[in-house]
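Accompanying notes for the structure given below.
The values are calculated or read from the model by the stated rules, or taken from the named source; none is laboratory data. These figures come from a predicted structure and were not determined experimentally. Every residue, glycine among them, receives a Cβ derived from its backbone with ideal geometry; neighbour counts consider all protein chains shown.
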Amino acid sequence: MTNATTTASSTAHLDYVLRIADSALILGQRLSEWCGHGPVIEEDIALTNTALDLIGQARLLLTHAGQLEGRGRDEDALAFLRAEPQYRSLTICELPNEDFGRTVLRNCLFSAFQLQLWQALANSGDAQLAAIAGKSSKETRYHLQHASDWTVRLGDGTEESHARMQRALDYLWPYTAEFFSPTETDRAAQAAGIGPAWSSLATAWEQAVLPVLEVATLKVPAATAFLSRGKEGRHSEHMGHLLAEMQYLQRAHPGARW
């Protein structure tokens with residue numbers, strides 16, 4: 001293997017891990033906004049716990065990413081001291097929460113994808129990534145079950161709740177195409193045995209999501225040419241505002257420990 005090939009493989013490995021880490025981090029940050037604002041105390045706690053699980057996953061993955069990078073950056077540096085284009089999170093994770101229905105529907109769509117990815121990563125040639133996947137898949141099963149239950153309850157609920165859920169699905173669905181859009185990182189990571197090409201998870205994801213939407217009496221929107229590119233560092237207008245809040249303390253007090 002040439003030095004150029006080795007470098008390309010190492011870059012893809014790091015980028016692949018960052019995509020997973022950043023998606024968990026950014027969605028965890030977004031869900032944390034529900035703390036103290038849930039519709040009932042049980043759901044306030046449930047969404048906060050989901051946020052904590054995601055941030056815990058991100059911490060493990062960002063620590064691993066720092067080791068792969070080899071530049072001495074720890075989880076805090078990677079979480080709080082990167083510029084917006086350096087984040088590789090899926091765009092759907094940074095979108096505003098809006099109402100409770102949109103929040104749980106996004107959790108359903110994302111956690112169904114995340115669970116398929118964790119299960120595939122259990123066989124990763126990266127032993128540390130495989131271990132993180134094994135731990136995280138248990139948490140994600142709960143996230144998916146919780147979000148699926150609420151998707152059905154609201155979608156097949158009142159006329160108002162159904163209408164809101166259908167609007168939420170119409171808004172969120174186009175962003176799910178990014179889950180499976182092919183990239184050079186995917187090709188290199190799959191070739192190196194690090195993890196699956198995300199496009200290979202599409203069928204299993206649909207088999208997990210479509211039955212839930214059917215029971216919820218929600219209609220899947222028609223496909224469009226729209227493709228978000230957050231995992232390539234091209235984010236929506238919402239990302240900068242989210243990072244400004246998430247990074248404020250670390251940037252205001254650089255090097256602070258607590």
* **Hits in segment 156-191 - residues which are of a type outside the set (Ser, Thr, Tyr), under 22 Å from the mean Cα position of the chain (by Cα) and part of a loop (DSSP other than H, G, I, E, B)** => Pro182
* Could you tell me whether any residue of segment 143-155 is acidic (Asp, Glu) and either under 30 Å from Gln67 (Cβ atoms) or not in a helix (DSSP H, G or I) (or both)? => no
* To do: Answer yes if at least one residue in segment 64-87 is under 26 Å from Ser161 (Cβ atoms), among the hydroxyl-bearing types (Ser, Thr, Tyr) and surrounded by 17 or more Cβ atoms within 10 Å (Cβ to Cβ), and no otherwise.
  => no
* Structure fact -> Per the filter on segment 32-51, residues within 20 Å of Pro96 (Cβ to Cβ), among the hydrophobic types (A, V, I, L, M, F, W, C), part of a helix (DSSP H, G or I) and out of contact with any Lys or Arg (no Cβ under 9 Å at 6 or more places or on another chain) are Ala46, Leu47
* To do: Could you tell me which numbered condition Ile194 fails, if it satisfies all but one of (1) in a helix (DSSP H, G or I); (2) surrounded by fewer than 23 Cβ atoms within 10 Å (Cβ to Cβ); (3) touching a residue at least 40 places away in the same chain (Cβ under 8 Å); (4) not small (Gly, Ala, Ser)?
  => (1)
* **Matching residues in segment 61-101 - criterion: being in contact with a Ser or Thr (Cβ under 8 Å, 6 or more places away or on another chain), of a type in the set (A, V, I, L, M) and assigned to a helix (DSSP H, G or I)** => Leu68, Ile92
* To do: Among the numbered conditions (1) part of a helix (DSSP H, G or I); (2) at pLDDT below 95; (3) not small (Gly, Ala, Ser), tell me where Leu242 comes up short.
  => (2)
